[in-house]
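Structure record follows, encoded as structure tokens.
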Amino acid sequence: MSWHLTGSIMAANRSEPLLLVVDVQNDFTAGGSLAVSDGEAVIPVINRVARHFAHVVLTQDWHPVGHISFASSHPGRMPFDRIDMPYGPQTLWPDHCVQGTPGAAFHPDLDIPHAQLIIRKGYQPDVDSYSTFFAADRTTPTGLAGYLHERGIKKLMLAGLATDFCVAWSAIDARRLGFEVDVLEEGCRGIDIGGSLEKAWRDMAAAGVARLPPGSTVPAA
């Protein structure tokens, strides 16, 4: 499906699209406890693109103290170790995006006042949640899919942090749920642990996610 501009609002041919902005939070940008390299560079891109969307949803990592994904919750373990959990492999992270802390707040330069919904994820203490649609058990929903279906939205553009985790998992789940999905590469940055960024792009392509490369901020009609 092609995109085209209608006035100041970006619209798709058969339904109004939605921009899904993933986890643009202080802890994932410069100075944060889990800073993504060059992560803050996505903010002006996202702000600019968001002006063309009537529908925008923001997502927010929102962990309780002592979350199961924190390396500090597992004595003897270090950040970026991997362990097996009942729901599958789990990368252990530095403590990040703890509920109510400055690190969990949206970056102050993110400027999307017309965003209509904030979806919080990762708030269950015993299961992580990269995807904005499901917890890492792959069955517990966040409610985002129901919201989109009730609004009649069929096409999504994703941007945010990090490409190889929350963005990729969200994009793949969105395809699995029947949405058309584009990922704006210019509006994303990855962590890239052991080749995870390249793998994420391969997995997204295999799922039918369209990759919009740099220079295609507003795809031509």
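The values are calculated or read from the model by the stated rules, or taken from the named source; none is laboratory data. Not measured: the values here are computed from a predicted model. Virtual Cβ from ideal backbone geometry, glycine too; neighbours counted across all protein chains shown. All accessible areas refer to the heavy atoms of the entire protein, side chains included, with ligands and DNA or RNA removed. Shrake-Rupley method; radii C 1.70, N 1.55, O 1.52, S 1.80 Å.
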Restricting to the stretch 54-79, and then to whatever is of a type outside the set (V, I, T) and loosely packed, with under 14 Cβ neighbours inside 10 Å, can you tell me which residue is nearest to L18 (Cα to Cα)?
G66
Which residues, taken from the stretch 145-177, are hydroxyl-bearing (S, T, Y) and open to solvent by less than 10 Å² (accessible area, probe 1.4 Å)?
T163, S170
P89: in a loop (DSSP other than H, G, I, E, B), free of Cβ contacts under 8 Å to residues at least 12 places away in the same chain and of a type outside the set (F, W, Y), yes or no?
no
Kindly indicate whether G100 is open to solvent by 10 Å² or more (accessible area, probe 1.4 Å), small (G, A, S) and touching a Ser or Thr at 6+ places or on another chain (Cβ under 6 Å).
no
Has the stretch 201-212 got any residue that is open to solvent by 60 Å² or more (accessible area, probe 1.4 Å) and modelled with pLDDT under 95?
no
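The rows are residues; the columns are (1) among the small types (G, A, S); (2) at negative phi; (3) open to solvent by 10 Å² or more (accessible area, probe 1.4 Å); (4) within 15 Å of the chain's Cα centre (by Cα).
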{"position": "F179", "(1), (2), (3), (4)": "no, yes, no, no"}
{"position": "L184", "(1), (2), (3), (4)": "no, yes, no, yes"}
{"position": "I193", "(1), (2), (3), (4)": "no, yes, yes, no"}
{"position": "E198", "(1), (2), (3), (4)": "no, yes, yes, no"}
Listed residues I153, I191, I172; which is part of a helix (DSSP H, G or I) and in contact with an Asp or Glu (Cβ under 7 Å, 6 or more places away or on another chain)?
I172
Quick check: is even one residue across the stretch 22-33 loosely packed, with under 15 Cβ neighbours inside 10 Å and within 16 Å of the chain's Cα centre (by Cα)?
no
Please tell me if T139 is of a type in the set (S, T, N, Q), open to solvent by less than 30 Å² (accessible area, probe 1.4 Å) and either closer than 17 Å to V57 by Cα or assigned to a loop (DSSP other than H, G, I, E, B) (or both).
no
Please count how many residues of the stretch 34-53 are closer than 22 Å to T101 by Cβ, open to solvent by less than 20 Å² (accessible area, probe 1.4 Å) and among the aliphatic types (A, V, I, L, M).
4
Can you say whether Y130 is outside any strand (DSSP E or B), more than 12 Å from the chain's Cα centre (by Cα) and either crowded, with 20+ Cβ neighbours inside 10 Å or among the aromatic types (F, W, Y) (or both), as far as the supplied structure shows?
no
Any residue that is acidic (D, E) and closer than 20 Å to D61 by Cβ - is there at least one of those in the stretch 176-190?
no
